[in-house]
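K.L.:
Sharing a structure with you now.
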Amino acid sequence: MLRKFWVVIFLVMVMLLSQYAFANVISGSSLVDLANNELEMANLIDEPYFHSERNTRGKPLSINQYLAGERNLIVYGDPHGYDSETGRNRYLGYTMSNAPFTNYLFRNDATSSVGLWNRNWVPNPKYNSKTMDRPEVQGEDNFNNLIRYKESIKLGLQHISRKKPDGTLLDFPEDKIDDRQWHRYVHVYQPPTSVSWGSGIMFHTTSEGKVWYLTVPMSPEGIPKPEDLEANFNPLPSSAAKGTDTLIGVNIESSFKQDLQDIPFQWEVTKADGTPLNATDDSLEFKVASTVQNAAGTINIPSIRKEATLYVSFKMPDSGVKIKFKVNETGNQPKETNVTNNIIEAEIRPIESITITNQPYDLPYNVLSKRMQFPLANGREITADLHLPNGSWISNATGSLDVKMKPQLYLDISVMKKIRR
């Protein structure tokens with residue numbers, strides 16, 4: 001006996017969505033400029049604090065690859081204090097004021113099974129008689145005792161905290177972390193910004209009078225974010241069928257509290273060989289909402305909405321299309337400290353056609369699954385699994401399709417059914 005089940009694959013448009021994520025790796029001099037601008041806008045400095053070439057004692061700005069990327073630390077000079085057992089340096093280099101820049105990944109000089117939160121921590125270590133002669137606290141104190149960094153320090157302490165077997169924090173647990181105002185115990189020698197981690201140091205004394213230090217990474221997530229514009233494609237197909245009308249949207253998000261007027265933007269839309277698309281042959285058109293615009297112009301973002309969406313549409317040619325979008329490229333209208341997220345670009349690839357498939361499949365009563373394959377454009381294939389939800393199957397089966405880019409994909413539909421007795 002055969003039971004007939006219909007599996008309908010309705011591929012109206014096979015466009016594998018791809019978010020083009022570019023790593024936020026910032027070079028040393030650019031990071032210095034961003035940090036100085038942000039500190040100045042926060043009224044923490046009156047003139048540039050970090051130097052793009054050397055610190056106060058002539059040590060050059062480090063371009064060590066391990067300081068870039070996620071951490072984005074501003075360090076001068078060379079790492080030192082190498083430990084052959086772990087392969088790490090005690091010091092990453094030097095601060096702007098030439099104090100040793102301690103490495104929070106360096107092993108502890110002494111380890112206890114007891115958490116650190118309740119140690120005899122030294123307040124205001126730069127001016128405390130127990131620690132004021134330590135080399136790590138020499139230099140200025142521009143960023144100490146600021147409630148602005150309270151949350152950043154808290155997150156940093158939890159970041160380095162050891163964990164108990166049950167996964168809870170041992171050194172700075174959630175139910176104890178707020179018992180102290182930790183920003184009053186940390187000497188901040190590298191202020192954090194929205195694009196870089198900061199670093200500080202605090203000390204505790206033992207019953208024998210010994211002084212031990214702890215390096216405190218300071219998370220960017222814990223500081224007030226500067227007002228910013230950010231552009232993202234929404235949505236962004238990785239491919240489109242030749243000759244079809246293709247619509248690309250760009251969403252601009254604002255964190256500014258006020259209304260923004262006359263923000264400059266610019267589109268650059270070309271074929272893969274650099275030839276510009278045109279309105280006559282390629283149906284190229286730029287829009288803000290339903291209003292046709294030029295490739296470059298200005299846009300307003302009201303504070304009540306905090307976002308705006310722009311569109312470009314064109315007829316997909318037989319070659320790839322490169323798209324580049326810029327908003328407030330210079331960071332002057334409005335004033336921004338970080339414009340690395342104001343320029344985005346992507347490439348749309350052409351495909352031959354779009355497939356629509358509507359086909360029945362027979363499953364014997366004792367067969368719980370069936371595998372089917374459908375080739376997609378350009379030899380690409382897609383994989384899907386349709387699973388029976390818990391319980392009895394008394395109506396049409398439903399499921400979901402998750403798409404992942406792989407060298408070779410298949411459309412694999414497994415129709416699961418429960419045999420009723």
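Readers should treat all values here as calculations from the given coordinates under stated rules, not as data from a laboratory. Since the model is a prediction, treat every value here as computed from it, not as a measurement. Positions of Cβ are generated from backbone atoms using ideal geometry, with glycine treated the same way; all protein chains shown enter the neighbour counts.
K.L.:
Please report Rg over Rh for segment 177-256, where both radii come from the alpha carbon positions and Rh follows the Kirkwood definition.
P.N.:
On the Cα set of segment 177-256, Rg over Rh gives 1.35.
K.L.:
Just add up the charged neighbours of ASN232: K/R +1, D/E -1, any other residue whose Cβ is under 15 Å from the Cβ of ASN232.
P.N.:
Every neighbour counted, the sum reads -2.
K.L.:
Using θ = phi - 60° and the Karplus form 6.51 cos²θ - 1.76 cosθ + 1.60, what ³J(HN,Hα) does each residue of segment 250-257 get, whole Hz, x for Gly and Pro?
P.N.:
10, 9, 10, 9, 10, 10, 6, 7
K.L.:
Now for a separate question. Mind jotting down a quarter of the surface of the convex hull over the alpha carbons of segment 43-222, in square nanometres, one decimal?
P.N.:
Result: 11.1 nm².
K.L.:
Provide SER194, SER199, SER62 in ascending order of the number of other Cβ atoms located within 10 Å of each residue's Cβ, fewest first.
P.N.:
Final ranking by Cβ density, sparse to dense: SER194, SER62, SER199.
K.L.:
Next question, about the same structure. What nm value, rounded to one decimal, do you get for the distance between GLN181 and THR168 when each label is placed 7 Å out toward the C-beta?
P.N.:
2.8 nm
K.L.:
When N is the residue count of segment 195-241, what does its C-alpha Rg come to as a fraction of 2.2 N^0.38 Å?
P.N.:
Expressed relative to 2.2 N^0.38 Å, the Cα Rg reads 2.34.
K.L.:
Quick one: Cα centre-to-centre distance for segment 133-182 and segment 228-303, in angstrom?
P.N.:
Here the two parts' Cα centres lie 44 Å apart.
K.L.:
For a quick check: sort TRP197, TRP121 by the number of other beta carbons within 10 angstrom, fewest at the front.
P.N.:
The fewest-first ordering by Cβ neighbours comes to TRP121, TRP197.
K.L.:
Ranked by Cβ crowding within 10 angstrom, fewest neighbours first, how are THR309, THR246 ordered?
P.N.:
Ordered by Cβ neighbours within 10 Å, fewest first: THR309, THR246.
K.L.:
Hey, what's the Kirkwood Rh for segment 229-351 if you take every pair of different alpha carbons, in angstrom?
P.N.:
Computed over Cα pairs of segment 229-351, the Kirkwood hydrodynamic radius comes out at 14.8 Å.
K.L.:
Same structure, new question: Below 14 angstrom from the Cβ of SER113, what's the summed charge of the other residues (Lys, Arg +1; Asp, Glu -1)?
P.N.:
+3
K.L.:
Restricted to Cα positions, what overall size does segment 140-196 have along the principal axes? Three whole-Å values, descending.
P.N.:
Projected onto the principal axes, the Cα atoms of segment 140-196 cover 41, 25, 15 Å.
K.L.:
How big is the Rg/Rh ratio for segment 58-146, C-alpha atoms only, Rh by Kirkwood, two decimals?
P.N.:
Reported Rg/Rh (Cα atoms, Kirkwood Rh): 0.99.
K.L.:
Next question. What number comes out for the charge environment of SER219, summing +1 per Lys or Arg and -1 per Asp or Glu over other residues with Cβ under 10 Å away?
P.N.:
-1
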